[in-house]
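Student: After the structure tokens below, expect a handful of questions from me.
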Amino acid sequence: MAATTSAASAAAALTRRHDGHHSVFPAFSVHPPEPSRLFLLKALPKPYPFLCHTYPIAASSRRCMLPLTPHAALVDPSHAFLSADEDKPRDECGVVGIIGDPDAAQLCSLALHALQHRGQEGAGIVSSDGSSLHSATGLGLVSEVFSDPATLAPLVGEASIGHVRYSTAGAASSLANVQPFVAGYRFGKLAVAHNGNLVNYRNLRSALESKGSIFNSSSDTEVILHLIATSSSRPLLARIVEACEALEGAYSLVFLTANKLFAVRDPHGFRPLVMGRRRPTGAIVFASETCALDLINAEFVREVNPGEVVVVDSRDMSITSLCLMPSKSRKACVFEHVYFALPNSVVFGHPVHSSRYSFGAALARESPAPSADIVIPVPDSGFFAALGFAEASGLPFRQGLIRSHYVGRTFIEPDKEGRNLAVKLKLAPVRGILEGKSVVVVDDSIVRGTTSSKIVQLIKAAGGAREVHMRIASPPIVGSCYYGVDTPSSEELISNRMDVEGVRQEIGCESLAFLSLESLRGVFADEAHMFCDACFTRDYPVPPRNQEVEQLVEV
Ligand SMILES: O=P(O)(O)OC[C@H]1O[C@H](OP(=O)(O)OP(=O)(O)O)[C@H](O)[C@@H]1O
Ligand SMILES: NC(=O)CC[C@H](N)C(=O)O
Ligand code: SF4
Ligand SMILES: [Mg+2]
């Protein structure tokens, strides 16, 4: 009975992803601002709470106007949004910034849709009409948050920033943590969207709180706004740089004011951030991945460089670029290429599909499976590595697992029963392809091993395969990430608990091999030292800071 209930709840939870693949976006039309909407908190019907805000820019008080938007007030505690599946490396956030286009917010929503794979907990857009900021944020997928054209309609203006969230710090289910954040400070309003994670945010927050700052969210990102607001530097650019100098860890940021868009990348360049230009209007676009540029007809111009601040002024569309932060060794996240980014994106100057293909080909050379009959990919992110494996080994490539389009990248269900069902719902074996065969199964990574062990069972029991040889197109994950990927704690990582033979036995396959670290690095050749691979090596470019800052209790 309990199992049935658990299975039913897992199925219900999983199918909530359905809308994400069949969303209908509103036509590109700019609605005139409605004066009655000023300062109007607009709560749309469940299942997802929403917020629409209009912020006057002109405010200039002697004190900073923090706290931030009063999102928390609208959170319905009874609404338990998709809690994250702790079993997976959760995706990370995606950011977008557009300036110089009359359809800025609509384009932003499309770009966020292209970045949906980077975060599915919440989405938001803030626009500027030159004097006011307008904001809409909500929990859930982009298609859910912006399903009603009335949510986008108030987001007028020719500039906007957007965010899709997967939390690294601060509760996933809290609307208060959904970005972009908007804050008032001495010289007006400022919005920010952040991809990454700050390793020293607890210390920064504690220091700010001891000076009187009041925080509205539990997200690390909020400290950035407080640092900017409390900076004594001028102009805003100098405040942003001063704030960033206090940050440790990973941050690809976009900021929006009444008439400026800022794009900033941390000095190591952990997370991607690219700049493009829309062909039809000449609008400047910033996005986490090039797939977002492609969708909105923007040409790739270049990456925002590590440590760089790019400022675009809407009044004359002038672009200023400053490398103001002290230079540090480049440490681009290699896991973007292994798993996170979409294969049609070019990340850190390398096409993702091509690096995944090369990982698979290298794996075939160093760990072949000569007795196997066919190679099958674990969809989606194992696809190109499996293709590379098959072509390098001369084995036929077959689609032996079909992936449901209605189940997202990650899914909820904290208990084992639910997880088993989740894999069953997501992946189905094709018996006609697998029956009686010796099969090489290629996936991009193993985190806790749940997916792999369930796949082996599926392929053998339901698919009728004779043998399963697992090949993983990345090295064993032995360390948690502190730079924007919410991997489980190191104790939960299966390769941190046992050696390859132990993992093989746990998964139940005939053979198991991971790509070696040397081969992973070999794919990037001379550039390998410019990549972070700490989750495979525990060689952390920025030391993680685990110390908890004592919570002060007022008596
Ligand atoms: O060892 P585990 O804890 O099971 O996690 C590893 C699996 O999770 C990821 O897939 P995911 O389903 O998140 O996304 P995808 O559909 O994009 O491959 C990854 O590609 C592996 O298949
Ligand atoms: N994955 C991310 O980039 C998350 C951004 C931010 N640290 C948050 O938790 O919201
Ligand atoms: S630790 Fe791993 S996931 Fe995190 S930034 Fe480094 S390579 Fe990427
Ligand atoms: Mg997968």
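Throughout, read-outs are computed from the coordinates displayed, never taken from laboratory work. It should be emphasised that the depicted structure is a prediction, and the values quoted were computed from it without experimental measurement. Here Cβ is always computed from backbone atoms with ideal geometry, including for glycine, and neighbour counts include all displayed protein chains.
Student: Net charge around residue 190, counting only other residues with Cβ within less than 10 Å of its Cβ (Lys, Arg = +1; Asp, Glu = -1)?
Tutor: +3
Student: How much net charge surrounds residue 107 when only the other residues with a Cβ under 9 Å from the Cβ of residue 107 are counted, with Lys and Arg +1 and Asp and Glu -1?
Tutor: That works out to -1.
Student: Going out from 0 in 5 Å bins, what whole percent of all Cα-Cα distances in region 319-360 drops into each bin?
Tutor: In order of increasing distance, the bins hold 6, 20, 25, 13, 12, 14, 8, 3, 0 percent.
Student: Among all lysine pairs in region 346-537 that are eight or more places apart or on different chains, how many have alpha carbons less than 14 angstrom apart?
Tutor: Final tally of qualifying lysine pairs is 6.
Student: Further, regarding this structure: How far is it, in nm, from the label point at residue 300 to the one at residue 277 when both lie 7 Å from their Cα along the line to the Cβ?
Tutor: 1.7 nm
Student: Next question. Place a label point 7 angstrom from the Cα of residue 245 along the Cα-to-Cβ direction, then list the residues of region 181-216 whose backbone nitrogen is under 16 Å away.
Tutor: none
Student: Say each of residue 319 and residue 428 gets a label point 7 Å from the Cα, pointing the same way as Cα to Cβ; how far apart are those two points in nm?
Tutor: Taking the simple label geometry, residue 319 and residue 428 are separated by 4.7 nm.
Student: Is region 284-370 best put as rounded, prolate or oblate by its Cα gyration tensor, with a ≥ b ≥ c the root eigenvalues, rounded for a/c under 1.5, and otherwise prolate when a/b is larger than b/c, oblate when not?
Tutor: oblate
Student: Is the shape of region 336-491 best called rounded, prolate or oblate, per the rule: a/c under 1.5 gives rounded, else a/b larger than b/c gives prolate, else oblate, with a ≥ b ≥ c the square roots of the Cα gyration tensor eigenvalues?
Tutor: In terms of gyration-tensor shape, oblate.
Student: Just add up the charged neighbours of residue 244: K/R +1, D/E -1, any other residue whose Cβ is under 11 Å from the Cβ of residue 244.
Tutor: Around residue 244, the charge tally is -3.
Student: Between residue 209 and residue 234, what is 0.36 nm times their sequence separation minus the Cα-Cα distance? Round to one decimal in nm.
Tutor: 6.7 nm
Student: Now for a different question. What shape does region 175-214 have by the C-alpha gyration tensor, where a ≥ b ≥ c are the square roots of the eigenvalues, rounded means a/c under 1.5, and otherwise prolate means a/b greater than b/c and oblate the rest?
Tutor: In terms of gyration-tensor shape, oblate.
Student: Another one. Over region 346-537, calculate the relative contact order: mean separation of alpha carbon pairs under 8 Å at least 6 apart, over the residue count, as a percent.
Tutor: Across region 346-537, relative contact order equals 21 percent.
Student: Have a look at the DSSP beta bridges in region 346-537 and tell me what percent are antiparallel, nearest 5.
Tutor: Taking every DSSP beta bridge with both residues in region 346-537, the antiparallel ones total about 25 percent.
Student: OK, next. Using every pair of alpha-carbon atoms in region 205-347, split the distances into 5 Å bins beginning at 0 and state the percent of pairs per bin, rounded to integers.
Tutor: Going from the shortest bin to the longest, the percentages are 2, 9, 17, 20, 19, 16, 11, 5, 2, 0.
Student: Something else: Counting other C-beta atoms within 10 Å, which of 398, 471, 234 has the fewest, and how do the rest follow?
Tutor: Ranking 398, 471, 234 by Cβ neighbours within 10 Å, fewest first, gives 234, 398, 471.
Student: Moving to a separate point now. Roughly speaking, what % of Cα-Cα pairs in region 145-260 are separated by over 26 Å, rounded to a whole number?
Tutor: 18 percent
Student: Follow-up. Between residue 354 and residue 496, what is the label-to-label distance in nm when each label sits 7 Å out along the Cα-to-Cβ direction?
Tutor: 3.4 nm
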